[in-house]
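Please treat every number below as a calculation from the coordinates, not as lab data. Fair warning: this is a prediction, and the values are worked out from it, not measured in the lab. All Cβ positions, even for glycine, are placed from backbone atoms using ideal geometry, and neighbour counts span all protein chains on display.
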Amino acid sequence: MKLMDEIAGSVAVLHSRKNAVTASVDQMSFYDPVYIGNLLILKASVNYVGNTSMEIGVRIEARDLRTGNVAHTGSSYLTFVALDESGKPTQIAKLIPKTLAEKRRYAEGKARREHRLSGTAKYKRNA
Ligand SMILES: CC(C)(COP(=O)(O)OP(=O)(O)OC[C@H]1O[C@@H](n2cnc3c(N)ncnc32)[C@H](O)[C@@H]1OP(=O)(O)O)[C@@H](O)C(=O)NCCC(=O)NCCS
């Protein structure tokens, strides 16, 4: 999970070109175990961008170096918020999805954001 946060943070900074902090991490499921000696492969993408926040999707795979088999061990979605020099959320570049996969991720990311911000998934401490 630490690696997920690190790779997602790197991708968030690369997209926004600003400092970015983790605002939330969605539910995480573990599909397969990771064994000692496995090579962990983390893949991350910016799925959706709001005004100051970005949803980063991270997929974790574990490769068995003896067999070469790769298992999808887990995935999650993290929201990062870009900050200005005074530590306040700041506007970032929009995401323009081009490929079919990017468009699908964008639409799904938008729906997840709406769910996060909806009445049933309030994220504010005292909301
Ligand atoms: C994340 C943080 C910067 C948001 O500050 P805020 O004053 O609540 O910001 P706002 O209400 O103006 O919201 C700014 C954006 O963050 C999003 N956001 C805020 N909290 C969120 C949360 N918990 N989950 C998802 N998105 C969140 C808002 O939807 C908004 O997105 P948008 O601009 O794209 O529409 C602030 O809560 C913070 O600094 N938290 C601590 C972060 C941290 O220390 N992370 C490291 C943890 S180890």
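Near the amide H of ASN38, within less than 5 Å, lie no amide hydrogens of residues on another chain or at least 5 residues away, with H placed in the peptide plane. Less than 5 angstrom separates the built amide H of ASP32 from none of the residues sequence-distant by 5 or more or on a different chain. Largest GNM mean-square fluctuation among LEU65, LEU83, LEU95, using the chain with Cα springs under 10 Å: LEU65. Kindly express, to the nearest 10 degrees and within the range 0 to 90, the angle between helix 100-117's C-alpha long axis and the longest C-alpha principal axis of the chain. The helix 100-117 is inclined about 60 degrees to the chain. Using the Cβ of ASP32 as centre and a radius below 15 Å, the other residues enclosed give a net charge of 0, where K and R count +1 and D and E count -1. Comparing Cα centroids, the range 88-117 and the range 7-45 end up 16 angstrom apart. The helix-only estimate of mean residue ellipticity at 222 nm for the chain, built from DSSP H runs of length n ≥ 4 each weighted as -39500 (n - 2.57), is -8500 deg cm²/dmol after division by the residue total. Per residue, the average separation of C-alpha pairs within less than 8 Å and at least 6 apart gives the chain a relative contact order of 26 percent. To the nearest 10 degrees, how steeply does helix 2-16 sit against the main Cα axis of the chain, on a 0 to 90 scale? The two axes meet at around 50 degrees. Multiply the residue gap between ASP64 and HIS115 by 0.36 nm, knock off their C-alpha separation, and tell me the result in nm, one decimal place. Additional length available on full extension: 14.7 nm.
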